[in-house]
Amino acid sequence: MANVAVCVLGSFGYDRAAQGAVGAGRALAASVGGEVHVLVIGPADEEAVAAMAAVADRVVLGANQELRDVQPEQALQAAEQLHAAGSGDYVAVLLSNDTYSQEIAPRLAHRLGGSSMADAAAIRMDGDHLLAQRTAYGGKAISIYRLKKSPAVVWLRARGFEPAPEQPSSGDVTPVDLNLDPPRIRIVGREVAAQEGVRLEDAPVIVSGGRGLGGPEPFQELKKLADTIGAEQGASRAACDAGWVPPNWQVGQTGKKVAPELYIAIAISGASQHLLGMGDSKVVAAINTDADAPIFKHCSFGIVEDYKAVVPLLTEKLAALSG
Ligand SMILES: Cc1cc2nc3c(=O)[nH]c(=O)nc-3n(C[C@H](O)[C@H](O)[C@H](O)COP(=O)(O)OP(=O)(O)OC[C@H]3O[C@@H](n4cnc5c(N)ncnc54)[C@H](O)[C@@H]3O)c2cc1C
């Protein structure tokens, strides 16, 4: 039977990215008449395990305590052992788009003798091979990759896939005692970046600002708009590099890959590297003084105007609507 495995980091729980990955796994497994198994790397809370069992045919749980703090080397070893404990012959192993999974995916593919691919926005089987799709040239083209070897180990774009529906009966949960080497990296300290709200990759609505804002203060104005519509804030690389906002706000080729329902780009030109990170958004709206800015070729709604004239008014009108 051609089964599909989905790796989930236990400490992340069954978050939106994991839900999308399991949803993608379910659709892929259904297309080949197989099962979807969730391989949980590290301890997860009971509620998350139950939620995964409700949508999967099987949950293989590697709850070793040393995996609580994710260390890529150990997580990789765990993924390999959980893969063997699952059915060991998966046609595809899917991962989410967090940095750990991104690091693990190609190394896991190598260990399993498979092929790897990053940032897939759509996947399907073509005979024995997985076809994975992602946008190229800043959303101007779609590239389709045919992964030569099995299993295809692929990390997926967050929010690019719908969560899996619950099954009539929950899948079995199989605990596995993993045999892990001691970590080769000693963590001497951790600095956790302050994180408010949901991860940018999981946000359904994003308000992003660019260099055209001219400094850090206007991001406060954008925050009012974001708060009014329950959005998270993002930025172009130019704004992050200028130190106006934290680096983890960056959307694009070298930043976060997002696919929200609505992406509002304010004073962002729409360089191909930026488009690469947000080109899969369902709806894009842009505000820019330059009618020829490339972003206007990639948006559903555009306003050619100074953001200072638009953002406060937009915030006021939207607040009135929601109030
Ligand atoms: C290898 C590489 C990787 C990169 N990775 C990324 C990445 O991950 N993410 C990313 O974003 N970029 C990335 N870049 C940089 C990218 O090429 C652009 O330089 C960057 O996206 C530009 O940011 P911006 O649109 O904010 O600034 P600009 O291109 O300077 O655009 C500013 C826009 O603001 C408009 N504007 C000015 N004043 C106003 C106003 N008052 N009201 C409204 N609009 C106004 C202007 O008309 C202009 O269109 C990368 C580049 C390279 C080479």
Note to self: Straight-line reach only, C-alpha to C-alpha below 21 angstrom: list the lysines that LYS282 could link to, leaving out same-chain residues fewer than 8 apart.
What the structure shows: LYS140, LYS256, LYS257, LYS297
Checklist line | Selection from TYR90, GLN133, ALA78 lying farthest towards where the dipole of segment 59-189 points positive, charges on Cβ | finding: GLN133
Checklist line | Approximate shape of segment 207-318 as ellipsoid semi-axes (Cα gyration tensor, √5λ), whole Å, largest first | finding: 18, 16, 14
Notebook entry, point to check: Which value, in Å², gives the accessible area per residue of the chain when a 1.4 Å probe is used on the protein heavy atoms?
Noted result: 47 Å²
Next item on the list: Run through the DSSP bridge list for segment 4-175 and note the antiparallel percent, rounded to the nearest 5.
Entry: 30 percent
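What ranking, highest mean first, results for peptides 4-12, 302-310 when packing means the other Cβ atoms within 10 Å averaged over each residue? If you can, show how the numbers build up before the last one.
On the way: 4-12: 26.0, 302-310: 15.8.
Top to bottom by mean Cβ count within 10 Å: 4-12, 302-310.
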Check: Given the rule -39500 (n - 2.57) for each run of at least 4 DSSP H residues, summed and divided by the residues of the chain, what is its mean residue ellipticity at 222 nm, to the nearest 500 deg cm²/dmol?
Finding: -9000 deg cm²/dmol
Margin query: How large a share of the accessible area of the chain, in percent, is made up of carbon and sulfur atoms when the probe is 1.4 Å and the other protein chains stay in place?
Written below: 51 percent
Check: By Kyte-Doolittle mean hydropathy of at least -1.0 and Cα axial length of at least 15 Å, which whole DSSP H helices of the chain are selected?
Finding: 16-31, 72-85, 99-112, 218-229, 307-322
Checklist line | Charge dipole magnitude, Cβ of K and R +1, D and E -1 - segment 1-146, Cα centre, debye nearest 20 | finding: 560 debye
Next item on the list: Determine Rg/Rh for the chain; Rg is computed over alpha-carbon atoms and Rh is the Kirkwood hydrodynamic estimate from the same atoms.
Entry: 1.01
Check: Highest mean first, what order results for 15-22, 157-164, 111-118 on Cβ atoms within 10 Å?
Finding: 15-22, 157-164, 111-118
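Output the peptides 121-131, 88-98 sorted from most to least packed, where packing is the average of other Cβ atoms within 10 Å over each peptide's residues.
In descending order of packing, they fall as 88-98, 121-131.
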Next item on the list: Round to a whole angstrom and tell me the spacing of the C-alpha centers of segment 110-166 and segment 291-305.
Entry: 30 Å
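The values are calculated or read from the model by the stated rules, or taken from the named source; none is laboratory data. The model shown is predicted, which means the values in this text are computed figures rather than measured ones. Backbone-built Cβ (ideal geometry, glycine too); neighbour counts: all protein chains shown. Ligands, DNA and RNA are stripped out before the accessible areas are found, and what is left, the full protein with its side chains, is counted by its heavy atoms. Shrake-Rupley method; radii C 1.70, N 1.55, O 1.52, S 1.80 Å.
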